[in-house]
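Read through the structure below, which is laid out as structure tokens, and then see the notes.
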Amino acid sequence: MPAQPPSTLPPFDPSDPLGLDDLLTDEDRAVRGTVRRWAADRVLPHIADWYERGELPGIRELARELGSLGALGMSLTGYGCAGASAVQYGLACLELEAADSGIRSLVSVQGSLAMYAIWRFGSKEQKQEWLPRMAAGEVIGCFGLTEPDHGSDPAGMRTHARKDGTDWVLTGRKMWITNGSVAGVAVVWARTDDGIRGFVVPTDTPGFSAPEITRKWSLRASVTSELVLDEVRLPADAVLPEVTGLRGPLHCLSHARYGIVWGAMGAARSCFEAALEYAGTREQFGKPIGGFQLTQAKLADMAVELHKGILLAHHLGRRLDAGKLRPEQISFGKLNNVREAIEICRTARTILGANGISLEYPVMRHATNLESVLTYEGTVEMHQLVLGKALTGLDAFR
Ligand SMILES: Cc1cc2nc3c(=O)[nH]c(=O)nc-3n(C[C@H](O)[C@H](O)[C@H](O)COP(=O)(O)OP(=O)(O)OC[C@H]3O[C@@H](n4cnc5c(N)ncnc54)[C@H](O)[C@@H]3O)c2cc1C
């Protein structure tokens, strides 16, 4: 193929070296722009302070604003949800996580875990009761699967629900639950005589409490809690009727993981941008450190992994929109993109030298946040085992 004269080529854009913007529709760009502007206005000016204090102040107000942007349950349809495409939902996750993984976690848990569980497996009444208020951000939801002794292997969960007349009575403990202490509704998974079932638990039900987990060094601007269920009595219709077994929570987790595939690249983008800018202005040995080959090698490798990751996320989004995305493909994306994002953040940290450890820059905050993202929604090892099983046909989980 004859080479095109350079003058007819579009200019090289350091923020989009592969020209991935061409893959987006005008509507995709509009969604991305709206979320990016909201995050720039409402999160970025405060996030270092929130992170330092280990708080997410005004979380209810933020949730309502995210609701009015259409970001909660964004790709769900009906009940006040935006009915956006999977690609648009992904772009929103990327922009939110470019601000902070804690904000993206708030949105993921609300939309892809709590709302999605009700939307996919709930009764008509449950959907009508909860989804419109959750989409508007008036009610915050949480999703209780993990327990103190059962994380990667939730099949062994101890939380149980027994029948008492027509009521259900729930007892047990859940651990590391995002949004727990601020939630108005909790989707709780519990063992029953018929297998694992999901329950929609209003958090003002007697016997329910959600003490906040403090002293975290990651996702500090995110509420993480324990859920304590002490003989929580619920009516017969509190159970999610449309699913039995671990298939229920695992299906919801797949949906949330898809958002993380995009989100992680947002954290990585923020760190890359900080490193690129720093490399252009910081001078050592008489010239900008970006002029040294070793720094350029780092920046080039970071850019390659960042934009490969975005391309992968986009590909998975298109498959999801086409109804063709397999769980193993989501594992592929989560495994790669979170692992590469954390590497990009760590490399950015080295380019910033001592300043890299300061909260004046976003780099260390993103890197420590990604330590949680690496672990939740399936650890690296779990996704390696999912792919290993799909590749070999051999189950190495046990
Ligand atoms: C900030 C934060 C927020 C969270 N939010 C939620 C939430 O909203 N809802 C919720 O339900 N949970 C939530 N979690 C919990 C999260 O999903 C779990 O931490 C995760 O599933 C891992 O469980 P674990 O921490 O018990 O680790 P473990 O399962 O104990 O694993 C410890 C290590 O052993 C490895 N391992 C385990 N089994 C194997 C094996 N078969 N082969 C090889 N290696 C193995 C793991 O990969 C990991 O490296 C959150 C966690 C964090 C940190």
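Structure values in brief
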| read-out | value |
| --- | --- |
| Evaluation of L219 against (1) farther than 30 Å from E97 by Cα; (2) within 14 Å of the ligand (Cβ to nearest atom) (one fails), failing number | (1) |
| Hits in segment 235-249 - residues which are under 24 Å from the mean Cα position of the chain (by Cα) and open to solvent by 70 Å² or more (accessible area, probe 1.4 Å) | R247 |
| Single condition G309 does not satisfy, out of (1) assigned to a helix (DSSP H, G or I); (2) small (G, A, S); (3) exposed (fewer than 14 other Cβ atoms within 10 Å of the Cβ) | (3) |
| Condition met for F143 (within 15 Å of G73 (Cα to Cα), within 15 Å of the ligand (Cβ to nearest atom) and of a type in the set (F, W, Y)) | yes |
| Wholly enclosed helices (runs of 4 or more DSSP H) of segment 312-398 bearing at least 2 residues among the hydroxyl-bearing types (S, T, Y) and either surrounded by fewer than 22 Cβ atoms within 10 Å (Cβ to Cβ) or within 16 Å of the ligand (Cβ to nearest atom) (or both) | 327-351, 363-375 |
| Qualifying position, being within 12 Å of the ligand (Cβ to nearest atom) and either in the same structural domain as P57 (by TED's automatic domain parsing) or over 24 Å from the mean Cα position of the chain (by Cα) (or both), among G180, G156, G165, G151 | G156 |
| Out of R269, R220, R282, R215, sole residue that is loosely packed, with under 14 Cβ neighbours inside 10 Å and either of a type outside the set (A, V, I, L, M) or at pLDDT 95 or above (or both) | R215 |
| Complete set of residues in segment 223-234 that are under 18 Å from M175 (Cβ atoms) and either open to solvent by 50 Å² or more (accessible area, probe 1.4 Å) or not in a loop (DSSP other than H, G, I, E, B) (or both) | T224, S225, E226, L227, V228, L229, D230, V232 |
| Residue in segment 174-191 that is surrounded by fewer than 24 Cβ atoms within 10 Å (Cβ to Cβ) and more than 29 Å from G54 (Cα to Cα) present | yes |
| Count - residues of segment 115-125 that are in a helix (DSSP H, G or I), open to solvent by 10 Å² or more (accessible area, probe 1.4 Å) and in contact (Cβ under 8 Å) with a residue 12 or more places away in the chain | 4 |
| Boolean, R162 is basic (K, R) and open to solvent by less than 30 Å² (accessible area, probe 1.4 Å) | no |
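The values are calculated or read from the model by the stated rules, or taken from the named source; none is laboratory data. All values derive from a computational prediction rather than experimental measurement. We place every Cβ from the backbone using ideal geometry, glycine too, and count neighbours over all the protein chains shown. Keep in mind that these areas ignore ligands, DNA and RNA; they rest on the heavy atoms of the full protein, side chains included. Shrake-Rupley method; radii C 1.70, N 1.55, O 1.52, S 1.80 Å.
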